[in-house]
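Asker: Could you have a look at this structure, given as structure tokens, before my questions?
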Amino acid sequence: MKVRCGNKTCRKYIEKSGASRSGLSYYCDSDCLSESQKKKFKTSPAKNRSSIKQAHYAVECSSIIRTKDEGRCRLCGKSTGLAVHHIYYRSDQTNKPWENEYWNQITLCNRPCHLEIVHGDKKKWTPILLGLTWVREVEQKNISLEQLERMINGF
């Protein structure tokens, strides 16, 4: 049985049994396969400009979040070893326009809060961190973890 080469510039028909295969496509030789793979990963200048804009926006958001969090870890209060982290991981879902929104970012120290607490028990900490950012963004207050627990428990 003959199939068309998967490289759109080649246009050859080849025997299916002797062709190189990648996914659902068949190629007449390894050169056509590698050329086709290169085209898939090439980015256009417009895409590069878009990713540069997103990177600038992310840096801008990061500095705004640090300022709003008063240069301190929102969980323990440390002022050293800080970084702005996403509450919902960027890898959790695809096509998420909210990825770099202010409510999805929080300032945390790298150790122990980010690595050991947040990554250690994501299910527990995600709603707590969202509560802290809610108070920061909606009520315009910076409160500690203990103050949030008292608000939740009604004390």
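Asker: Mind listing just one residue for me: the one in segment 52-95 that is at pLDDT 85 or above, outside any helix (DSSP H, G or I) and β-branched (V, I, T) and, of those, nearest to T133 (Cα to Cα)?
Answerer: That would be V84.
Asker: Just checking, how many residues over segment 98-155 are among the acidic types (D, E), loosely packed, with under 12 Cβ neighbours inside 10 Å and under 13 Å from K68 (Cβ atoms)?
Answerer: Here is the first cut: in segment 98-155, the ones among the acidic types (D, E) are 99, 101, 116, 121, 137, 139, 146, 149.
In the following step, the residues that additionally are loosely packed, with under 12 Cβ neighbours inside 10 Å were identified as 116, 121, 139, 146.
Then drop every residue that is not under 13 Å from K68 (Cβ atoms), which leaves 139.
Total meeting the criteria: 1.
Asker: Quick check on my filter: what residues within segment 106-144 are at positive phi and aromatic (F, W, Y)? Lay out the reasoning, then the answer.
Answerer: Quick first cut of segment 106-144, residues at positive phi only: 140.
None; the set is empty.
Asker: Something else now. Quick one: how many residues across segment 111-155 are in contact with a helix residue (DSSP H, G or I) (Cβ under 8 Å, 6 or more places away or on another chain), in a loop (DSSP other than H, G, I, E, B) and more than 19 Å from K78 (Cβ to Cβ)?
Answerer: So the count comes out to 1.
Asker: Read through the list (1) under 17 Å from C76 (Cα atoms); (2) part of a helix (DSSP H, G or I), then give the number of the only condition that L108 fails.
Answerer: Checking L108 against (1) under 17 Å from C76 (Cα atoms); (2) part of a helix (DSSP H, G or I), the one that fails is (2).
The values are calculated or read from the model by the stated rules, or taken from the named source; none is laboratory data. Computed from a predicted model, the values in this text were never measured in an experiment. Cβ atoms come from the backbone with ideal geometry, glycine included; neighbour counts cover every protein chain shown.
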